[in-house]
Structure formats: C-alpha cells, structure tokens
Amino acid sequence: MMENNILFHKECDFQINKAESLSNWLIQTAKNENKLIGNINYIFCDDKYLLKKNKDYLKHNTLTDIITFDYSEGDTLSGDIFISVERVKENAVIFAQPFQEELKRVMVHGLLHLLAYKDKTVDEAKIMRNKENFYLSKF
C-alpha cells in the first residue's frame with residue numbers, strides 16, 4: 001500500500017489552497033498519533049451533494065459539514081472525507097473565523113475520526129475540540 005497519499009478532489013467550484021502544506025500537516029498529525037497515512041481522499045462538495053451522501057449512507061436527513069468513511073487497517077489510516085464547502089463558509093461566519101482556518105479545522109476533524117476519536121458525547125466532543133486546537137496550532 002502506498003503511504004502518505006492524501007488526495008484532494010472537488011465536486012463543486014472550489015480550489016484548495018496550499019495543498020502540499022495541508023497534506024504535510026495532516027501526515028504529521030497522523031505521525032504524532034503513531035499512525036501512517038495510507039490513501040485518504042478529501043472530497044470538497046456542496047450541501048446538496050453531501051446531503052445526498054448523508055441520506056444514502058447514514059440515513060440522516062440533515063446538512064453537515066463533514067462525513068468521514070473509514071477504511072483504515074491497523075496503524076494505516078485510509079478513508080474518504082467529504083466536506084461541504086458551503087457549510088464551512090457558513091460556519092466560518094458563525095464562529096467568526098477566517099474560511100481557511102475553519103476549513104483546516106474540519107479537515108483535521110475528519111482525520112481525527114480516522115484516528116478513532118469520536119464526538120457523540122459531551123466528553124468525546126471536548127477531547128475532539130482539544131485535539132483540533134492542538135493540531136491547528138501546529139500548522
């Protein structure tokens with residue numbers, strides 16, 4: 001399996017900035033958690049596209065900023081991470097953050113899910129947010 005393979009795709013009008021820097025940061029994040037990157041696809045899309053995925057695969061009829069499909073094996077992380085650019089833009093406004101910062105938060109959030117971090121309970125969400133903040137500070 002090829003290691004350190006992070007690919008960026010788009011299903012909407014969106015251009016990723018600093019792709020190499022983002023990829024290196026995500027690889028280092030995985031290394032810090034004692035994991036390797038196998039094949040991770042980040043797919044940037046709009047609300048309509050991600051809502052369809054949410055309905056079809058998770059049976060949720062709600063908008064979301066991210067859905068992570070985990071195909072990891074052992075210590076090698078692999079998966080598809082779908083991100084709604086529309087949700088990230090809206091959340092950036094709501095949380096008074098620059099778009100690029102909110103995008104990095106969502107990107108690392110997806111990677112943290114591949115690292116087996118959860119966010120369903122208050123305690124899990126707190127740990128997840130602390131990890132996000134820690135790794136955002138490392139970018």
Set L22, L50: member being more than 22 Å from L136 (Cβ to Cβ) and touching a Lys or Arg at 6+ places or on another chain (Cβ under 8 Å) | L50
Of residues in segment 45-61 being of a type in the set (K, R) and closer than 15 Å to I83 by Cβ, the one nearest to the chain's Cα centre (by Cα) = K53
Considering (1) under 21 Å from K131 (Cβ atoms); (2) among the aromatic types (F, W, Y); (3) surrounded by 16 or more Cβ atoms within 10 Å (Cβ to Cβ), say which one F95 fails and leave the rest.
-> (3)
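Quick grid of which residues meet (1) basic (K, R); (2) on the phi > 0 side of the Ramachandran plot; (3) touching a residue at least 40 places away in the same chain (Cβ under 8 Å):
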position	(1), (2), (3)
E33	no, no, yes
K53	yes, no, no
Y57	no, no, no
D65	no, no, yes
F99	no, no, no
V106	no, no, yes
A116	no, yes, no
Please enumerate the residues belonging to segment 52-69 that are among the acidic types (D, E) and buried (at least 16 other Cβ atoms within 10 Å of the Cβ).
-> D65
Just need a number here: residues in segment 106-123 that are closer than 14 Å to Y135 by Cα and not small (G, A, S).
-> 9
Test for V85: is it crowded, with 19+ Cβ neighbours inside 10 Å, aliphatic (A, V, I, L, M), touching a residue at least 40 places away in the same chain (Cβ under 8 Å) and under 23 Å from I127 (Cβ atoms) | no
Selected residue (criterion: nearest to the chain's Cα centre (by Cα)) from residues of segment 1-19 that are closer than 21 Å to L136 by Cβ and either of a type outside the set (F, W, Y) or assigned to a helix (DSSP H, G or I) (or both) = I6
In this structure, does K138 turn out to be buried (at least 17 other Cβ atoms within 10 Å of the Cβ), among the charged types (D, E, K, R) and within 20 Å of N24 (Cβ to Cβ)?
-> no
Which fully enclosed strands (runs of 3 or more DSSP E) of segment 30-139 have 3 or more residues being over 19 Å from E11 (Cβ atoms)?
-> 36-45, 76-84
Of these, D75, D70, which one is of a type in the set (D, E) and in contact with a helix residue (DSSP H, G or I) (Cβ under 8 Å, 6 or more places away or on another chain)?
-> D70
Does segment 40-51 include one or more residues that are within 20 Å of Y117 (Cα to Cα), surrounded by 15 or more Cβ atoms within 10 Å (Cβ to Cβ) and either free of Cβ contacts under 8 Å to residues at least 60 places away in the same chain or of a type in the set (A, V, I, L, M) (or both)?
-> yes
If we ask which residues in segment 7-27 are out of contact with any Phe, Trp or Tyr (no Cβ under 6 Å at 6 or more places or on another chain) and surrounded by 14 or more Cβ atoms within 10 Å (Cβ to Cβ), their number turns out to be 6
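Coordinate-derived values only; no laboratory data. Model, not experiment: these values are computed from the prediction. Quick reminder, even Gly has a Cβ in these numbers, built from the backbone with ideal geometry, and neighbours come from all protein chains shown.
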